[in-house]
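What follows is one structure encoded as structure tokens, with my remarks underneath.
Rule-based calculations on the coordinates, nothing more; no lab input. These numbers were taken from a predicted model, which means no experiment stands behind them. For neighbour counting, all protein chains shown are included, and Cβ atoms are generated from backbone atoms with ideal geometry for every residue, glycine included.
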Amino acid sequence: MVKEWATVIHWHEGRALLRYGSSSGCGSCQARAACGSYLLNKIGPETVHQLELPVAQPLVEGQKVEVGIPENNLLLSAMLVYLTPLIGLFIVAGIASLWFSSEFAIFCSGLVGGALGFLFAKKVATWWSKDEGFEPIILQIGLPPHELKVQFQE
């Protein structure tokens, strides 16, 4: 299960709007000076995402919730997005290489195959979106922000 903590932005009638940012583990290890991921994370913009999920329990703004998605569904989605256009490109370019001798025609056919693979992936993704196994679930709900009080004793 891939887990991420999110902050409640809004809750209304059993639907929660959540905000989560891409938190990277980069920055604390000894190899960060030579790490490409660390440098790209520093250069790139701060990415914040929003997600709407059904939650029966009333939530307040600022409350933290842990959201999870099964790893196998995440891997299937990644394979669909990345491999389907690539496979379409190779298959259509391979078939075109049997018919055409021009490299430009094979190149254009490969682009068409990649586009067809992308459209196929989009169609499968809309079909999978109806499956509850691909929807993130709430694993834990933290305390509301006003419930947690820290007292110091001197």
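Before moving on, here are some points about what is shown:
- Amide N of segment 105-122 lying under 12 Å from the label point, which is placed 7 angstrom from the Cα of ILE87 along Cα→Cβ: 117-118, 120-121
- The phi-based Karplus calculation (6.51 cos²θ - 1.76 cosθ + 1.60; θ = phi - 60°) puts the 3J(HN,Hα) values of segment 97-105 at 5, 6, 9, 10, 9, 7, 5, 5, 5 Hz, whole numbers, x for Gly and Pro.
- Counting 0.36 nm for each residue step from LYS3 to LEU75 and taking away their Cα separation leaves a gain of 24.5 nm.
- The label-point distance for VAL60 and LEU116, in a model that sets each label 7 Å from Cα toward Cβ, rounds to 5.8 nm.
- On full extension, the segment bounded by LEU51 and ILE141 gains 30.9 nm, given 0.36 nm per residue less the C-alpha separation.
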